[in-house]
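Inspection log for the structure reproduced underneath, given as structure tokens.
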Amino acid sequence: MVLPLNNIKLGDTVKIVCLAGKGPMQGRLADLGFTPGTQVLCVLQRKKRNIAAYLVRNAVIALRAEDSQLIFAEESAAQIGGGL
């Protein structure tokens, strides 16, 4: 199932399917490593502050919910198979 990145749970690993929208934010997210086919692990969530951190390409990147909702991802094979 494809979900916005801001809807995944802490500890979940997903694979990016696509980025929504156009313009500078889409380019910025791609420059940070959020590109289709990339695996991402949610390592921190602060719902009250509306922020989460993700491990992507060996770097931890923090995103606001309004930015992470532009990234669509699906469960990775590692997650379905029982973890990394």
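The values are calculated or read from the model by the stated rules, or taken from the named source; none is laboratory data. Predicted model, so just to flag it, every value in this text is computed and none were measured. In this analysis, Cβ positions are derived from the backbone assuming ideal geometry, glycine residues included, and neighbour counts consider all displayed protein chains.
Quick notes
- Residue count for the stretch 18-29 under the criterion of being surrounded by fewer than 15 Cβ atoms within 10 Å (Cβ to Cβ) and under 16 Å from residue 73 (Cα atoms): the result is 3.
- Number of the condition not met by residue 59 [criteria: (1) surrounded by fewer than 15 Cβ atoms within 10 Å (Cβ to Cβ); (2) closer than 18 Å to residue 75 by Cα]: (2)
- Taken as a whole, the stretch 39-52 holds at least one residue that is surrounded by 17 or more Cβ atoms within 10 Å (Cβ to Cβ) and among the small types (Gly, Ala, Ser).
- Listed here are the strands (runs of 3 or more DSSP E) enclosed by the stretch 1-64 that have at least 2 residues being at pLDDT 95 or above and in contact with a helix residue (DSSP H, G or I) (Cβ under 8 Å, 6 or more places away or on another chain): 13-19, 39-46, 51-56.
- Residue identified as of a type in the set (A, V, I, L, M, F, W, C) and in contact with a Lys or Arg (Cβ under 7 Å, 6 or more places away or on another chain) among 71, 61, 51: 51
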